[in-house]
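Notes follow once the structure below has been shown.
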């Protein structure tokens, strides 16, 4: 790990100024991904701006919604009474991630910004366009069992591993950002990028921009929700495939639905067409299967991840069954 | 003095429990020595070829770096004398890897450099600054692709009675001409030991000819022998301390390149050197249960008497060392069969050498044999337990000797009773419980319980306490506690007065 | 150059270090570019030392420490190599095994995945700080009683995690314990006994 300058920020604007002016500087909050990547030499910031003391950790109800500070810890958010009452899907997704220790360190902002766990990205001896643009994609013809089935490009087939983000994209969250040019808001679905020709860019944050909070509008999804995470171990492992579902059911008819897949693409994968296929339908397995079929349109597998073509729709159906029975 | 077994077989809290639950147990990277330095290894990024150049200048200039050792500047290790008469063969034929010995790369992540610095962070950083260039050669790491080059291990060539030699009773491959037969292939991948403690060593040259190692090893005597040989030292000049070992499961039963590297590094800087492998390195340079491809052919009479078994096994090994294990031992003695053929072969691949892992050999072979037994039982429409009982050996068919004791039948009965084996349905997939398919299965394993002599020194103190000392290790099974129980019963002294 | 960092303790110390760094940097800024690059690449000892260490003030097992730490040192390596508290173990160094679990301000974390300097002003509890002198913590006793370990390497992390698990209120059922202890791996397979130890402590109602 290279030497770096370490400074502690006490005001957001000061932190932003440093990082905006210095392309080799990075914010550090929980560090659970950044420290890992620095140990492996995958990321080599020359300066770290510790933002842990910034006043950005509050969770509060506001007009028609919940505002969660970017520095709120994953475990704090998952245990928060307001979150559990108003957005239980978020709590479920958070608790499905990592381990209790990591959830006590990881922040909301850090969770969104965590990078792929693709082993070619991690291995400095392997080609990786995300890590070193122009070197190629080792996973394309390599071992790609954990990789994307949606939205991939020939430059990168990595997936975004966050569980929390799958729930947030399903819940139509908004990301609040503070930067050198001021404040802005970004729909959660527009925060993460597709790889396209620029896989080195995970998100649409500009240089020096700092996530300050996430807002989730109040909704009717307080009962029939489920986060289904399929992985090779019962716990503490990244998903092969995951599904976040939320249903508003009245008289066994689906009034509204939110669906999203995790670990199938470079970004959390909202399933708008499948949601529409559910609205007005009875909450039955037949409806769920039809929605799953719609959800899988456009899916494309690689040599080792064709199992996801079956696993993903089955996971979605399973999640829907569990959610509707709640 | 014989006393009633009060403690042997009974329960006793582990004698090292207090140390383990308070963080007081010291493992090999946890000793404080003045002037301690830190070692970090750099591994090759090709599996086969030669290092054509290695640039260590930036690493050497990095803060805190005391030495950077490669094949270009490594001190001559006396025990690394050239072997083999053929100069074109790697100098490491038939033995452990000789680290930093020459420019040859024999497996991916082979240690090609050691950085020694005054802090771990400085050593780790400097290691990243080292750049190697290679003349890469085509590597072969696919066992099945190399099957045609599989060979009989040297020890079998030299000794036809070796457990690795081909075995034959009755007619070779007799199953082939039978009407009721199965023929199946079984593959196991490499299996890593992955103990919680990453391999660690603290090497300290207390004098130019006196070496002390705090080493993660399962055999302190073996490690002592290895390093005495490596440095041409009398064994009594080498001290090996392994008071606590954080799991090993077999991977600390061999001396590995990182140990040699640490000893070399400590000699070069003339200060104690601490080296802990990374978790990634635990997958590449401390052994593993080898990938093994097996073929089993079996035939039986319609009433379930086995007439022939053929069991072939090809396991991988490195190009520089032959690793063998008793994969086919169980097949030769477990079931009656007038015709039995076993053939054990090795495939030398561009990998690091495997090592014994939890029931090495027999576990691998049992998987194939027992699966084959189940498949044969299925063909015969016989209950798998009944099939095994019909082919039960009352004496060792390989050595033609009665067993000293064999209680397998009793085990079968006990096990069958306890899990309700009689409820088993012959047809697979016949029982459902919600989303789950339920079934009963069985397998038999065997492993050699070899015994040898051991030396323990005992001191009876004036206060009636006993101190026992033995150069053994405890990787977790509770050796210290078991020995205390044995001593307590043998000497008739309370365990709380015994220190092992 | 550096943003204001008004850390509560060591304000003067921080200022002195800041000034030292800044004058060195000014000196560097006036030096022709190639020489700066050479220095940056090779970083001779004098220059490196000016950048390397940062004052850190924290409590470990009730003992206050005022030290100088280089930013790259993880909390884990700081505890083991600088404070020689080797009870906390390195099992992977990547936050994947839990052997490095300690409490920071009462919360369980993986000490391998944060830098020591990030914990200025905080209270760290390691396995060495659990017992009350010679009196073992109930969880430590339970682990011995239920044989919740074999080789002992994952044990400190397991115990620190187990104590937190009970305090968090996540030791209600065996299934809950398994889920909330899933961040601690044991390769010797003592899991069943670890769960039994935790249930014993939870059921015993002692202050944890």
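The values are calculated or read from the model by the stated rules, or taken from the named source; none is laboratory data. Please read all numbers here as calculations on a predicted model, not as lab measurements. Heads up, the Cβs are rebuilt from the backbone with ideal geometry, glycines too, and the neighbour counts pull from every protein chain shown.
A few comments on the model shown:
- Number of residues in segment B:454-472 that are modelled with pLDDT of 95 or more, assigned to a loop (DSSP other than H, G, I, E, B) and surrounded by 17 or more Cβ atoms within 10 Å (Cβ to Cβ): the value is 0.
- Highlighted here are the strands (runs of 3 or more DSSP E) found entirely within segment C:1-112 that include at least 3 residues which are at pLDDT 95 or above and exposed (fewer than 12 other Cβ atoms within 10 Å of the Cβ): C:63-69.
- When residues of segment C:91-106 are limited to those that are in contact with a helix residue (DSSP H, G or I) (Cβ under 7 Å, 6 or more places away or on another chain) and within 7 Å of another protein chain (Cβ to nearest Cβ), the one farthest from residue A:29 (Cα to Cα): C:99
- Of the residues B:476, B:480, the single one that is assigned to a loop (DSSP other than H, G, I, E, B) and within 14 Å of chain C (Cβ to nearest Cβ) is B:476.
- With a requirement of 2 or more residues that are over 29 Å from residue C:169 (Cα atoms) and either within 11 Å of chain C (Cβ to nearest Cβ) or free of Cβ contacts under 8 Å to residues at least 24 places away in the same chain (or both), the helices (runs of 4 or more DSSP H) lying completely within segment A:10-81 that satisfy it span A:12-21, A:34-39.
- Across segment A:224-234, a minimum of one residue is classified as free of Cβ contacts under 8 Å to residues at least 40 places away in the same chain, touching a helix residue (DSSP H, G or I) at 6+ places or on another chain (Cβ under 9 Å) and surrounded by fewer than 20 Cβ atoms within 10 Å (Cβ to Cβ).
- Residue check for residue B:10: outside any loop (DSSP other than H, G, I, E, B), touching a residue at least 40 places away in the same chain (Cβ under 8 Å) and within 14 Å of chain C (Cβ to nearest Cβ): no
- Test: residue in segment A:309-325 that is touching a residue at least 40 places away in the same chain (Cβ under 8 Å), part of a loop (DSSP other than H, G, I, E, B) and assigned by TED's automatic domain parsing to the domain that holds residue A:245: no
- The single condition among (1) touching a strand residue (DSSP E or B) at 6+ places or on another chain (Cβ under 6 Å); (2) more than 14 Å from chain C (Cβ to nearest Cβ); (3) crowded, with 21+ Cβ neighbours inside 10 Å that residue B:74 does not meet is (1).
- Residue match in segment B:221-239 (condition: in a loop (DSSP other than H, G, I, E, B), buried (at least 24 other Cβ atoms within 10 Å of the Cβ) and not assigned by TED's automatic domain parsing to the domain that holds residue B:363): no
- Of the helices (runs of 4 or more DSSP H) lying entirely inside segment C:122-208, those carrying at least 2 residues that are buried (at least 22 other Cβ atoms within 10 Å of the Cβ) and away from chain A (no Cβ under 14 Å) are C:138-145, C:191-204.
- Flag: residue B:35 does not match the condition of being closer than 30 Å to residue C:139 by Cα, surrounded by fewer than 17 Cβ atoms within 10 Å (Cβ to Cβ) and more than 9 Å from chain C (Cβ to nearest Cβ).
- Some residue of segment B:264-272 being within 22 Å of the chain's Cα centre (by Cα) and either crowded, with 20+ Cβ neighbours inside 10 Å or within 14 Å of chain C (Cβ to nearest Cβ) (or both): no
- Any hit, segment B:42-56, residues being within 14 Å of chain C (Cβ to nearest Cβ) and under 24 Å from residue C:81 (Cα atoms): no
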